[in-house]
Amino acid sequence: MNVFEAQETVALSIEEVFALSRRVLTGAGLSAPHAEAVARVITAGERDECASHGLYRLPGCVMTIRSGKLSPDAEPVITDASPALVRADAGHGYSLLAFERAAPLLAEKARAVGVAALVINNCFHFSALWPEIEQLTDMGVAALAMTPSHSWVAPAGGRRGLLGTNPIAFGWPRPGPHPYVFDFATSAIARGDMALHDIAGKPIPEGWGVDAEGRSTTNAREALDGAMLTFGGHKGSALSTMIELMAGPLIGDLTSRESMAFDDGAKAAPMHGELILAFDP
């Protein structure tokens, strides 16, 4: 019997998911504004039936809060840096509050000059990108977001982690309530999805990861302890490398390897930067 079979299933409404998330986060010491921003993105994960980015993330959030690395009440500093650039210093808090406070100015600049960028620095990041993209498409702009993570992923031909899962997301507003949106990791699978395979005792497909000796494995725990792989071989590896550079050194922030070094065994969420581009369609 696996973990999921052993547990009683509890049905929660979307409102209850948000309330539970906020209560757990504030109980762990996160300030109310941060807790509500994080709870909104966790709720979006449950709403859209993405188990790896919903309530499953709450224990990791609590671990990050208790790690001593994250500033639980950081006030993001938003700077109007130029006609096409917004900067947000998250102050070693979660990225989500910084994004929410800077997004309206980003959209305004994109509408004014055609294309604009938001750079978020010094932020802890664990969450899906599509809720951020949808906030921008709701404002009538197209958007592209990317971020590194921890160095859990081996590049094409490699056997040890160097790259992050390095997600990229894009959205285009359309008439009606549903924009065109995609959001995916450049690893073969999101790390949260691999962890859910481990919890459930389910094998993973060949090509998702290698063990600590660099050998291909279908055991999720071995891959989590070894290295994940990129999707599409050298193509995913190249895209992941681009994200490392654009959402790392280009914006004056950490790469996935540097984020892992900063963590130093605390097992907190990755700490780095995020790059969001917005376009007037």
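With the dipole of the chain worked out from charges on the C-beta (+1 for Lys and Arg, -1 for Asp and Glu) around the Cα centre, which of Ala90, Leu275, Trp172 lies farthest toward the positive end?
Comparing the listed Cα positions along the dipole, Leu275 ranks first.
Straight-line reach only, C-alpha to C-alpha below 12 angstrom: list the aspartates and glutamates that Lys69 could link to, leaving out same-chain residues fewer than 8 apart.
Candidates past the 8-residue exclusion: Asp263, Asp264.
What is the distance in Å between the Cα centres of region 64-85 and region 237-271?
16 Å
Excluding the sites themselves, what is the longest stretch of the chain that contains no GluC sites (Glu not before Pro) in a DSSP loop with at most 16 other C-beta atoms within 10 Å?
Longest gap between qualifying sites, sites excluded: 50-205.
Treating cross-link reach as a plain straight distance, find the lysines whose alpha-carbon is under 29 Å from the alpha-carbon of Lys202, omitting any fewer than eight places away in the same chain.
Lys235, Lys267
Only four residue types carry charge here, +1 at the Cβ of Lys and Arg and -1 at the Cβ of Asp and Glu. Report the dipole size of the chain about the Cα centre in Debye, rounded to the nearest 20.
340 debye
For the residue pair Ala112 and Ala156, what label-to-label distance in nm results when each label sits 7 Å from Cα along the Cα-to-beta-carbon direction?
4.1 nm
Using a Gaussian network model of the chain whose springs link C-alpha atoms within less than 10 Å, name the residue from Leu163, Leu129, Leu20 with the highest mean-square fluctuation.
Looking only at Leu163, Leu129, Leu20, the biggest GNM fluctuation is shown by Leu20.
Assigning unit charges at the beta carbon (Lys, Arg +1; Asp, Glu -1) and nothing else, what dipole magnitude in debye, to the nearest 20, does region 55-212 show about its Cα centre?
The dipole magnitude comes to about 260 debye.
Just for the chain, what percent of DSSP beta bridges are antiparallel, to the closest 5?
Once the DSSP bridges in the chain are tallied, antiparallel ones form about 80 percent.
Given N residues in region 3-66, what is Rg(Cα) / (2.2 N^0.38 Å)?
Here the answer is 1.09, to two decimals.
For a test of the definition: using alpha carbon positions, the gyration tensor, and the 1.5 limit on a/c, classify region 19-141 as rounded, prolate or oblate.
oblate
Rounded to the nearest 500 deg cm²/dmol, what is the calculated helix-only ellipticity per residue at 222 nm for the chain, with -39500 (n - 2.57) per DSSP H run of length n ≥ 4?
-11500 deg cm²/dmol, from helical runs alone.
Between region 178-225 and region 102-173, how many Å separate their Cα centres?
21 Å
Using just the alpha carbons, could you tell me how many Å³ per residue the convex hull of the chain encloses?
127 Å³
All of the numbers you see were taken from the coordinates with simple rules; none came from a lab. The structure presented is a predicted model; accordingly, all values stated were derived computationally and were not measured. Cβ atoms come from the backbone with ideal geometry, glycine included; neighbour counts cover every protein chain shown.
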